[in-house]
Amino acid sequence: MSASNVITLETLNEQLPIWRPDDENHLYAIVDMGSNGIRFSITSMEPPSTRLLEPVYSSRAAISLFDALTPSAGGPVFSSQTINDVASALSGFHQLAIMHGVPQSQIVILATEAMRRATNGHQMLKAIAAATNGLGVQILDPAVETLFGAVMGSRSGLINVPNSALFLDLGGGSVQMTWVETSEDNYETDGAKAGESLPFGAAILTKVLQQQSAEAQATEIGALQDGIARIYANLCARFPNLRAIKEAHDRGEDASIEVYMCGGGFRGYGSMLMHNDPISPYPIPSTNTYSVPGHRFKQPTKMRQVNDGHDGKVHGMSKRRRQQFPAIATVIESFIAAVPNIRRVTFCGGSNRQGYLMMRMPKEIRESNPLQVLANVQEPEKPIFDAISGLLSASLPSSETRLQDVPCVLVPGLAALFIRLIWTRSGHGTNSNSSFALHNAIVRDPDCPGLTHLARALLAVTHCARWGNDIGPADQLLHQGLWGIIESHHADATFWALYIGAVANIIATVFPIMPTDPDRFISTIKFNQRFSAMLSKSKTNKDKTELTITLSNDTAERVNLENLADIVKNTTKFKRDKSNFKASAKIIIHP
């Protein structure tokens with residue numbers, strides 16, 4: 001196979017020209033020839049939404065290139081039938097991409113472990129070129145596969161990774177693992193260089209478990225366990241921060257690691273965890289950004305039992321993935337044995353496709369906040385958005401240190417999305433709007449970067465609270481599930497989601513139409529939060545927090561002050577609330 005077909009870290013800049021906003025066409029068609037299947041996608045990088053990687057088309061051909069490799073005297077080969085099937089599938093997608101208006105130069109074919117192994121890969125390349133009017137196949141070096149998949153494929157769906165983390169990718173033919181320190185300028189390539197790949201993908205390991213003797217299985221599993229332990233030791237030796245965490249954990253200190261996982265194998269494990277989640281039914285269908293604490297992640301034996309004992313459908317898992325699950329669980333067990341101190345694991349939907357496109361973006365776009373892109377706050381709107389966000393933030397107790405780690409909607413990007421929702425659908429009833437808030441947060445902008453399960457749940461519960469939580473019986477279970485997602489991240493987060501929604505309701509009551517003049521807005525209403533945990537315990541043993549609402553005199557004359565003050569108490573009062581807080585409000589009239 002010609003070396004010119006292989007993308008390495010050294011040739012990356014040469015083979016991946018940077019995307020430019022003045023390009024004539026911003027559609028990219030990507031073929032990801034993975035070992036477990038071939039995925040086809042068309043993505044728009046049209047500005048200003050470039051960072052969102054907006055999907056235009058997506059499909060999959062169930063052709064397992066790894067299973068198709070046949071042993072021969074000269075090494076593993078693809079049969080002529082497999083070559084014809086692949087060429088035919090790519091020919092059909094090539095025609096479809098041209099119909100969508102994708103330029104030939106922006107149709108990209110990526111290949112991984114199976115193509116690296118095949119000794120007659122050149123025959124596959126020739127057949128693909130003939131079927132696609134001369135397209136070449138870019139075969140990813142293992143380090144580049146780590147870059148595109150484990151690192152940037154995962155990163156593509158997130159706003160940022162504020163702390164360093166382990167990134168892993170489990171495909172059909174291999175598993176990659178690396179440590180990424182996102183505060184560093186070149187964290188992408190540094191992580192890819194540090195990462196290592198092992199030839200123990202889900203398809204490969206499944207063959208070992210199904211076809212080899214017990215002795216051979218033990219040997220291969222031992223090699224997998226030793227390999228992951230060796231990679232982790234190498235990463236600890238290379239990165240002082242990771243080494244410090246390990247050493248602190250070894251001393252018995254509470255030192256744990258964030259983990260991000262992508263690839264079909266790991267997403268299969270995420271689907272099984274979601275199927276068995278305490279929140280049942282789990283309210284969000286996709287495993288993309290599904291997140292679990294370490295103690296729930298470390299259940300491979302239990303998940304094996306679920307896989308073996310459940311005859312029905314497991315959402316998100318094909319029959320083939322169910323068959324591969326024992327192999328997936330074996331990889332999980334090997335990882336847990338090497339890295340026991342796992343704080344939280346997030347399953348990511350990205351892959352080589354997203355990673356490839358992310359690496360074509362200029363750094364300033366690649367590192368931009370996708371939710372700010374989605375909110376699309378225009379320059380003339382910024383003063384009033386800032387004023388509303390500032391007032392919402394002023395309603396929170398600024399000196400309460402316990403709130404520093406509590407997730408809420410008042411973060412860059414998500415705050416703007418929430419503010420856009422406060423005044424929408426004002427012509428509809430509170431019951432309809434409460435239902436809309438819950439459902440819209442789940443289905444809007446599917447797989448949009450930054451709209452994680454937590455972000456969607458926060459948006460849903462806070463927006464529903466803005467309409468007074470007028471939830472019908474059919475939506476009670478949905479609300480409870482979204483509540484559970486928030487609560488799984490922090491016990492107090494649901495209370496503050498309800499509270500912020502209540503404050504938004506107060507603002508919308510005072511301003512029935514979204515204000516446009518920030519000066520008038522600021523002079524009309526002000527908030528002050530009083531909190532005293534030591535002196536104001538309630539009968540329910542909750543800390544009392546009181547919101548003071550200061551209104552101008554003319555405003556006070558046109559609103560029902562009693563009803564306005566009751567909004568906070570009524571909205572935040574839930575029987576299932578396990579938080580440490582109880583809220584009330586009082587009103588002061590400013591002449």
Where a residue in the range 566-591 is within 22 Å of TRP467 (Cβ to Cβ) and assigned to a strand (DSSP E or B) and its partner, wherever it lies, is open to solvent by less than 70 Å² (accessible area, probe 1.4 Å) and modelled with pLDDT under 80, with Cβ under 7 Å and at least six apart: PHE581/LYS542; LYS582/SER538; LYS582/LYS542
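Quick one: which strands (runs of 3 or more DSSP E) sit completely within the range 13-119 and have at least 2 residues that are out of contact with any Leu (no Cβ under 9 Å at 6 or more places or on another chain)?
On the way: elements: 27-33, 38-44, 54-61, 107-111.
It comes to 38-44, 54-61.
Can you spot a residue in the range 242-256 that is touching a Cys at 6+ places or on another chain (Cβ under 7 Å), in a helix (DSSP H, G or I) and open to solvent by 10 Å² or more (accessible area, probe 1.4 Å)? Even if it seems obvious, please write down each step before you answer.
So in the range 242-256, the residues touching a Cys at 6+ places or on another chain (Cβ under 7 Å) come out as 242-243, 246.
Those left that are additionally in a helix (DSSP H, G or I): 242-243, 246.
Still in the list and also open to solvent by 10 Å² or more (accessible area, probe 1.4 Å): 243, 246.
Yes - at least one qualifying residue is present in the range 242-256.
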Which listed residue, of VAL151, VAL137, is open to solvent by less than 10 Å² (accessible area, probe 1.4 Å), farther than 19 Å from GLU333 by Cα and more than 20 Å from the chain's Cα centre (by Cα): VAL137
Sole exception among (1) modelled with pLDDT under 95; (2) over 30 Å from ASP190 (Cβ atoms); (3) buried (at least 17 other Cβ atoms within 10 Å of the Cβ) for PRO76, by number: (3)
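Give the residue, chosen from PRO71, PRO103, PRO162, that is under 29 Å from the mean Cα position of the chain (by Cα) and open to solvent by 10 Å² or more (accessible area, probe 1.4 Å).
Working: PRO71 fails: under 29 Å from the mean Cα position of the chain (by Cα); PRO103 fails: under 29 Å from the mean Cα position of the chain (by Cα).
Only one candidate passes the filter, namely PRO162.
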Residue, least open to solvent (accessible area, probe 1.4 Å), within the range 359-406, restricted to residues that are within 25 Å of the chain's Cα centre (by Cα) and among the small types (Gly, Ala, Ser): ALA375
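For (1) at pLDDT 95 or above; (2) over 30 Å from ALA73 (Cα atoms); (3) not charged (D, E, K, R), each residue gets a yes or a no:
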| position | (1), (2), (3) |
| --- | --- |
| ALA89 | yes, no, yes |
| GLY92 | yes, yes, yes |
| VAL102 | yes, yes, yes |
| ALA114 | no, no, yes |
| ARG117 | no, no, no |
| ASN120 | no, no, yes |
| GLY136 | no, no, yes |
| LEU140 | no, no, yes |
| ILE159 | no, yes, yes |
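Kindly establish whether GLY316 is open to solvent by less than 50 Å² (accessible area, probe 1.4 Å) and not charged (D, E, K, R). Can you show your working first?
On the way: open to solvent by less than 50 Å² (accessible area, probe 1.4 Å): no; not charged (D, E, K, R): yes.
Criteria not met by GLY316.
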Residue satisfying all of: in the range 180-212; within 15 Å of PRO240 (Cα to Cα) and crowded, with 24+ Cβ neighbours inside 10 Å; nearest to the chain's Cα centre (by Cα) among these: VAL180
Cross-chain or 6+ apart pairs with Cβ under 7 Å, the range 296-320 first and modelled with pLDDT under 95, then outside any helix (DSSP H, G or I) and crowded, with 18+ Cβ neighbours inside 10 Å: GLY316/THR287
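The values are calculated or read from the model by the stated rules, or taken from the named source; none is laboratory data. Predicted model, so just to flag it, every value in this text is computed and none were measured. Using ideal geometry, Cβ is built from the backbone for each residue, glycine included, and neighbour counts are taken over all protein chains shown. These accessible areas exclude ligands, DNA and RNA; they are computed on the full protein's heavy atoms, side chains included. Shrake-Rupley method; radii C 1.70, N 1.55, O 1.52, S 1.80 Å.
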